[in-house]
Amino acid sequence: MAIKASDLSKSSIVNLNGTPHTVASISVQTPSARGGSSLYKIRFRNPQTGSKVDQTFKGDDQLEEVDLYRREVQYLYKNDDNYTFMDLETYDQFDLKEGDIDSAIPYLLEDMEGIIALISEERVLGIVMPDTVEMEITETDPSIKGASATARTKPATLSTGLTVQVPEYISQGEVIKIDTRTNSFVSRV
């Protein structure tokens, strides 16, 4: 099945030179000249080898999308640089290397559910995190009495070591919702 370069997202998996590659990042360059078409600079990652490939496409360029299916999985634990997950339908366990899921690691909590595994030809190619996750603040400056929701922000370190900017009225020990796509504070829980 073909997909336009302009329709690719970070969870897309395409066939490059006969090998499935996941989309690691996308940047769009829009030319200022009239008639110029937008260019899509895409970084692909080979899930088997971990190698990265950078390519540039026009928005209408067609790529072959890999036939895959999605399964809900649970993150269990980390062992050295392997992260162990369990398929919630079959209860089969599988490991992914740190390099295969580096963008998801700051959000992984033991026993976390709602993660989607991308599977092709009985092989897990990668995972997709939920759009938002709930995490506890382990370290931040004290909250300021009377601070409003539109006030300044301050850094907060979460239970996984991730640091995000939060409003000044948030205090240590609170559980907050984080957007995994933008790495930003959404709300208190």
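The values are calculated or read from the model by the stated rules, or taken from the named source; none is laboratory data. Here the structure is a predicted model, which is why all the values come from computation and not from measurement. Cβ coordinates were reconstructed from backbone atoms using ideal geometry, including for glycine residues, and neighbour counts include every protein chain displayed.
Looking at segment 45-58, can you tell me whether even one residue there is more than 19 Å from the chain's Cα centre (by Cα) and crowded, with 16+ Cβ neighbours inside 10 Å? Yes, that holds for at least one residue.
Flag not set for G173, criterion: small (G, A, S), more than 15 Å from the chain's Cα centre (by Cα) and closer than 23 Å to K78 by Cα. Here Q93 does not fit the description of being over 15 Å from S12 (Cα atoms), touching a residue at least 40 places away in the same chain (Cβ under 8 Å) and not small (G, A, S). For segment 173-189, the set of residues classified as closer than 14 Å to L162 by Cα and polar (S, T, N, Q) consists of T180, T182, N183, S184, listed by residue number.
If I ask for residues that are without any contact (Cβ under 8 Å) to a residue 40 or more places away in the chain and within 24 Å of E121 (Cβ to Cβ), which ones from segment 17-30 would you list?
N17, G18, T19, H21, V23
Count, please, the residues in segment 158-182 that happen to be of a type outside the set (S, T, Y) and not in a strand (DSSP E or B).
Residues meeting the conditions: 8.
Restricting attention to segment 114-123, does a residue exist that is under 24 Å from L76 (Cα atoms), polar (S, T, N, Q) and in the same structural domain as D87 (by TED's automatic domain parsing)? Looking through segment 114-123, at least one residue is under 24 Å from L76 (Cα atoms), polar (S, T, N, Q) and in the same structural domain as D87 (by TED's automatic domain parsing). Against the conditions (1) part of a strand (DSSP E or B); (2) at pLDDT 90 or above, Y91 satisfies every one except (1). R34 meets the conditions (1) more than 25 Å from E122 (Cα to Cα); (2) part of a strand (DSSP E or B); (3) at pLDDT below 85; (4) charged (D, E, K, R) in every case but one. The failed one is (2).
From the list P106, P155, the one residue that fits, being modelled with pLDDT of 80 or more, surrounded by fewer than 16 Cβ atoms within 10 Å (Cβ to Cβ) and not in a loop (DSSP other than H, G, I, E, B), is P155.
Scanning segment 121-136 for residues that are within 14 Å of F94 (Cβ to Cβ) and surrounded by 15 or more Cβ atoms within 10 Å (Cβ to Cβ), we see that the one that is nearest to the chain's Cα centre (by Cα) is I127. It is to be established whether one or more residues within segment 23-31 are closer than 20 Å to T180 by Cα and part of a loop (DSSP other than H, G, I, E, B). No, because not a single residue in segment 23-31 is closer than 20 Å to T180 by Cα and part of a loop (DSSP other than H, G, I, E, B).
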